[in-house]
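As structure tokens, the structure follows; a few thoughts come after it.
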Amino acid sequence: MPERGMGGLSGVLDGSARAVATALVTVAVLLGVRLAISPLIGDPVTISTYFGVAGGFVGAVAMVLGLDVLGLSGPTPAAQFWARVAGDVEPGSARWPGLAVHLVYGAVAGAVYPRALWWVLEGAMMTVPGGLLGGVTFGTVLFVAALVYWLAGAYEMDTSVDLLARYYTLHLVYGVALGSVVGTYSLVVG
């Protein structure tokens, strides 16, 4: 019986490449849906949204790279979430799908960033200094949201101050990367 899921790609891509490809396709589909419904909701997608997606993806990649730097080699919260959604999967064996989920989270959160902070910073986050300030703020808000998911039981996490500080640091790294990319808007677009 042929393997189900990725069809013809399952024989070409290994688990990690398949997870990254799935993340990229998911982001593309979400952007396509957003583009398709924008005339219906009267809210056109602007170039700042694309800067946000790119910044969110870069930030998520920076977080993933930071996992090893900060010594966080166990199952990530995203891997635990994936294992719970997938069913009979151990969180330890869901690292790559979890990282793909995290890349999608990062890109989607990045798409929301320019619109979410526009009213707070009145467009200042579209400059490099404003982008960095807004990015750090946004990374902090996302960390607090992750804690709420943890409290709701979406995943299990050690609550030692050391571990929470490491995850908070990674969310700040995400925010700095996101803010840096979105902040270049004024330099690129003018």
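Before moving on, here are some points about what is shown:
- Cleavage-rule hits (chymotrypsin sites (Phe, Trp or Tyr not before Pro)) in segment 38-88: DSSP loop, at most 14 neighbouring Cβ within 10 angstrom: none
- With Cα atoms as the point set, the radius of gyration and Dmax of segment 28-80 evaluate to 15.9, 46 Å.
- Shape summary of segment 46-104, radius of gyration then Dmax from alpha carbon positions: 13.2, 41 Å.
- Segment Val45..Leu65, full-extension length gain: 4.2 nm, with 0.36 nm per residue of separation and the alpha-carbon distance subtracted.
- A Förster distance of 25 Å, applied to the separation of the beta-carbon atoms of Val85 and Val148, puts the FRET efficiency at 0.90.
- The phi-based Karplus calculation (6.51 cos²θ - 1.76 cosθ + 1.60; θ = phi - 60°) puts the 3J(HN,Hα) values of segment 134-149 at x, x, 5, 4, 5, x, 5, 4, 5, 5, 4, 4, 4, 5, 5, 4 Hz, whole numbers, x for Gly and Pro.
- 17 Å tail of the calculated P(r), segment 47-188, as % of Cα pairs: 58
Taken together, the values in this text are just the output of simple stated rules run on the coordinates, not laboratory data. In this text, all values refer to a predicted model and were calculated from it rather than measured experimentally. Note: ideal-geometry Cβ built from the backbone for every residue, glycine included; neighbour counts use all protein chains shown.
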